[in-house]
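**Student:** Mind looking over this structure? Questions follow.
The values are calculated or read from the model by the stated rules, or taken from the named source; none is laboratory data. Not measured: the values here are computed from a predicted model. Every residue, glycine among them, receives a Cβ derived from its backbone with ideal geometry; neighbour counts consider all protein chains shown.
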């Protein structure tokens, strides 16, 4: 769904002009930017929430915006709870390779920098 589709659907669903629907979406965007800029998660009601996940990659601090779906959404999409539990069990553990401890959510056993380094090494070995 594109932004124009979202504005059209919101306007049709709420029976408001498209300019009002666009203003609503811009206000939500501004609220999200302000909240995420303070380092806090932005809750989207029954959809879930957005959060900033800082990552250290190749000596640079980068940030990724993550979306955590609400339980109702996960159930509606048939997301297996066991996979989520396993990811939560690994959350907060330090990287097995470099020992960096993540601040927020950590799904894999290695941090991004170590994963990328390993993949580069594997690709280099495959070429030889």
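**Student:** Tally time: how many residues in the range 42-66 are modelled with pLDDT of 85 or more, under 30 Å from residue 118 (Cα atoms) and surrounded by fewer than 16 Cβ atoms within 10 Å (Cβ to Cβ)?
**Tutor:** 0
**Student:** Starting from residues that are under 22 Å from residue 49 (Cβ atoms) and surrounded by 13 or more Cβ atoms within 10 Å (Cβ to Cβ), keep the ones in the range 2-16 and report whichever is farthest from the chain's Cα centre (by Cα).
**Tutor:** 10
**Student:** Here is a further query. Find the residue count for the range 3-41, including only residues that are at pLDDT 90 or above and outside any helix (DSSP H, G or I).
**Tutor:** 3
**Student:** Quick one: in the range 17-34, which of the residues that are farther than 15 Å from residue 44 by Cβ and in contact with a helix residue (DSSP H, G or I) (Cβ under 8 Å, 6 or more places away or on another chain) is surrounded by the fewest Cβ atoms within 10 Å (Cβ to Cβ)?
**Tutor:** The first filter runs over the range 17-34 and keeps only residues farther than 15 Å from residue 44 by Cβ, leaving 17-23, 26.
Retained after the next criterion (residues that are in contact with a helix residue (DSSP H, G or I) (Cβ under 8 Å, 6 or more places away or on another chain)): 17-18, 20-22.
Numbers: 17: 10, 18: 13, 20: 13, 21: 19, 22: 17.
Result: 17.
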